[in-house]
1. Report the residue count in the range 74-94 for those that are surrounded by 14 or more Cβ atoms within 10 Å (Cβ to Cβ) and not in a helix (DSSP H, G or I).
2. May I ask you to list the residues in the range 1-52 that are touching a strand residue (DSSP E or B) at 6+ places or on another chain (Cβ under 6 Å) and in a loop (DSSP other than H, G, I, E, B)?
3. Would you pick out the residues in the range 53-73 that are in a loop (DSSP other than H, G, I, E, B) and within 13 Å of the chain's Cα centre (by Cα)?
4. Given the options 15, 46, name the one that is surrounded by 15 or more Cβ atoms within 10 Å (Cβ to Cβ) and at positive phi.
């Protein structure tokens, strides 16, 4: 009996529009309570968008307001700063 290949979930980054492995991206979610959070587990309920762990992708997404458009809500500067810190931490860890 042959071993099945496990399907790798793929998601599109809102910054660079490239499709990458879900686990290599950072998920931002708008919960049903209209709260916008960084979802490290990838399991929170709500509308989610994905972004590469790179400053360039984050800046492109913020500049073009792609995060706001995808989540259908306004995103405050505090969350953008948290995202920037998360991205910088991920870039240094690689």
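Coordinate-derived values only; no laboratory data. Since this is a predicted model, take the numbers as computed values, not measurements. No Cβ is skipped: glycine too gets one built from the backbone with ideal geometry, and neighbour counts run over all protein chains shown.
1. 1
2. Matches in the range 1-52: 8, 14, 15, 25, 42, 44, 46, 52.
3. Across the range 53-73, the qualifying residues are 53, 54.
4. Selected residue: 46, the only one of 15, 46 that is surrounded by 15 or more Cβ atoms within 10 Å (Cβ to Cβ) and at positive phi.
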